[in-house]
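To start, the structure under review is shown below, and the notes come after it.
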Amino acid sequence: MKTVKIDLGPRSYNIYIGKGIVGKLPSLIKLETRDTPLFIVTNRRINTLHGGKLKKVLMPLSKKILFCEVPDSEKAKSFPVYIRTVRRLARFARKTQPYVIAFGGGVIGDLAGFVASAYRRGVPYIQIPTTLLAEVDSAIGGKVAIDIKEAKNIVGDFYQPKMVLCDLQFLKTLPKKELRNGLVEIIKYGIIKDKELFTFLEKNVKKILKLDNKALEHVIFKSCGIKAKIVEVDELDTKDLRAILNFGHTIGHAIETALGYSRSITHGQAVASGMVMASAIALKLKMIKSGDCKKIYSLVRKVSPEIKTRHIKLKDILSALSYDKKFIYGVNRFILPEKIGRVKIVSKIPRALIKTVIMGEII
Ligand SMILES: NC(=O)c1ccc[n+]([C@@H]2O[C@H](COP(=O)([O-])OP(=O)(O)OC[C@H]3O[C@@H](n4cnc5c(N)ncnc54)[C@H](O)[C@@H]3O)[C@@H](O)[C@H]2O)c1
Ligand SMILES: [Zn+2]
């Protein structure tokens, strides 16, 4: 088992990574009594596949365990589901302080974390991510949120878990497209901060897609380490450092919005294209060498083939772009690569250049 510590003073915690490590939970959580209610937020699919194993592990820890199933997909990050979940927690835990466990992908983690942050003004929670994306990204860093019709992730909080446990065995049942989603985020970490990780990915992408344990554990460990370091310095996203995690997401989100989150493409595919386009902008601005740009293109395309969606309208992407939360007073801001392992925030990219790059890649 590998451990990454995230040092946030009194809010510090460990991220544990390894295969079959869920069995170690009892020695990792410290509960005051066996009467502590354990409230596990999950969905039917994950519960059916892996809930039995988790229940067995938790039974010696508490006499009171409830698996609370919420709907699958982004629908779970909504006010109606949030209220239902909090009320179920209140009825289950009554006058005691419960422990919340998020058991699922990023959707479950964001919802359960938000429930834990608000119930009784905050109860402890842990993240047991079951998607690759959640293991390397959403379960770490304490951003918890739900969506409203007007915007995604707009109602939320910063609320750190007590622990993150990434057990690779859960990834065995993960659909391949979800695995690719997570892998795109791992490539992102390589480009923004770690050339060695990027080079490792170039050589081992096939192994990772086949769930080779050693390779997978290595890239998850490296990714968690990078995110942990960034969160340690910019926990509340106020110093422009956390923003670099958004590399590829500026145009990526705009593509998702332009498609109305229609699921015709995945988040990973959108971000993959976003990373390719951000790199093309950097190349046109002579910020990056063409060799590095080609390497980025080639690795990204090994994991996520080009989007063939001629029906996306350029004007819809540009309109969605103008709502990007990094843009200040109408001035655009992009995270652009200077070389593999280093990115920079750049403002005022000419609109014509953005258009050319988007048209070149998608349309
Ligand atoms: N909080 C953050 O910092 C942060 C960062 C990135 C993304 N996010 C959020 O994360 C969410 C996306 O997370 P995701 O990509 O994990 O998607 P997800 O949670 O929707 O999971 C993807 C699908 O895989 C299924 N699944 C999960 N684990 C499985 C397993 N082991 N076997 C089989 N199926 C499994 C789920 O039921 C779901 O259908 C978005 O809501 C996004 O906003 C949050
Ligand atoms: Zn992402």
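The values are calculated or read from the model by the stated rules, or taken from the named source; none is laboratory data. These numbers were taken from a predicted model, which means no experiment stands behind them. When we count neighbours, we look across all protein chains shown, and the Cβ atoms used for this are built from the backbone with ideal geometry, even at glycine.
Values computed for the structure shown
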| quantity | calculated |
| --- | --- |
| Filter result for ILE40 (away from ligand 2 (no atom under 16 Å from the Cβ), over 30 Å from GLU150 (Cβ atoms) and not small (Gly, Ala, Ser)) | yes |
| Matching residues, segment 150-184, being within 13 Å of ligand 2 (Cβ to nearest atom) and surrounded by fewer than 24 Cβ atoms within 10 Å (Cβ to Cβ) | LYS152, ASN153, GLU178, ARG180 |
| Pair list, Cβ under 6 Å, 6 or more apart: segment 133-144 residue over 18 Å from LEU8 (Cα atoms), other residue near ligand 1 (Cβ under 6 Å from one of its atoms) and among the small types (Gly, Ala, Ser) | LEU133/GLY106; ALA134/GLY105; ALA134/GLY106 |
| ASP137 in the same structural domain as ASP7 (by TED's automatic domain parsing), within 16 Å of ligand 2 (Cβ to nearest atom) and more than 21 Å from ARG44 (Cβ to Cβ) | yes |
| Residue match in segment 63-78 (condition: more than 17 Å from ASP167 (Cα to Cα), touching a residue at least 60 places away in the same chain (Cβ under 8 Å) and within 16 Å of ligand 2 (Cβ to nearest atom)) | yes |
| Among residues of segment 144-197, those that are part of a strand (DSSP E or B) and either of a type outside the set (Asp, Glu) or more than 13 Å from ligand 1 (Cβ to nearest atom) (or both), counted | 15 |
| Total residues in segment 208-236, condition surrounded by 16 or more Cβ atoms within 10 Å (Cβ to Cβ) and part of a helix (DSSP H, G or I) | 19 |
| Residue count, segment 1-25 (criterion: within 14 Å of CYS224 (Cβ to Cβ) and charged (D, E, K, R)) | 3 |
| Unique residue being out of contact with any strand residue (DSSP E or B) (no Cβ under 9 Å at 6 or more places or on another chain), among the basic types (Lys, Arg) and within 24 Å of ARG342 (Cα to Cα) when the list is LYS195, LYS203, LYS207 | LYS203 |
| Selection count where residues are in a strand (DSSP E or B) and either under 10 Å from PRO161 (Cα atoms) or within 16 Å of ligand 2 (Cβ to nearest atom) (or both), scope segment 96-111 | 3 |
| Residue count, segment 1-38 (criterion: under 22 Å from the mean Cα position of the chain (by Cα) and not charged (D, E, K, R)) | 15 |
| Residue satisfying all of: in segment 79-95; surrounded by 18 or more Cβ atoms within 10 Å (Cβ to Cβ) and over 24 Å from GLU150 (Cβ atoms); farthest from ligand 2 (Cβ to nearest atom) among these | ALA93 |
| Selection from segment 56-103 of residues that are charged (D, E, K, R) and within 16 Å of ligand 1 (Cβ to nearest atom) | GLU69, ASP72, GLU74, LYS75, LYS77 |
| Residue within segment 217-240 that is under 21 Å from LYS294 (Cα atoms), outside the structural domain of ASP7 (by TED's automatic domain parsing) and within 14 Å of ligand 2 (Cβ to nearest atom) present | no |
| Matching helices (runs of 4 or more DSSP H) fully within segment 244-358 where at least 1 residues are within 16 Å of ligand 2 (Cβ to nearest atom), over 16 Å from LYS188 (Cα atoms) and under 18 Å from the mean Cα position of the chain (by Cα) | 249-258 |
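Here is a yes/no grid of residues against (1) of a type in the set (Ser, Thr, Tyr); (2) at pLDDT below 95; (3) within 30 Å of GLY260 (Cα to Cα); (4) not in a strand (DSSP E or B):
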residue	(1), (2), (3), (4)
THR48	yes, no, no, yes
LYS53	no, no, no, yes
VAL57	no, no, no, yes
PRO80	no, no, yes, yes
ARG91	no, no, no, yes
GLY113	no, no, yes, yes
TYR119	yes, no, no, yes
ILE128	no, no, yes, no
ALA134	no, no, yes, yes
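Here's the yes/no breakdown for (1) closer than 27 Å to SER73 by Cβ; (2) in contact (Cβ under 8 Å) with a residue 24 or more places away in the chain; (3) buried (at least 23 other Cβ atoms within 10 Å of the Cβ):
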residue	(1), (2), (3)
ILE265	yes, yes, no
LYS284	no, yes, no
TYR297	no, no, no
LYS326	yes, yes, no
PHE334	no, yes, yes
ILE340	no, yes, yes
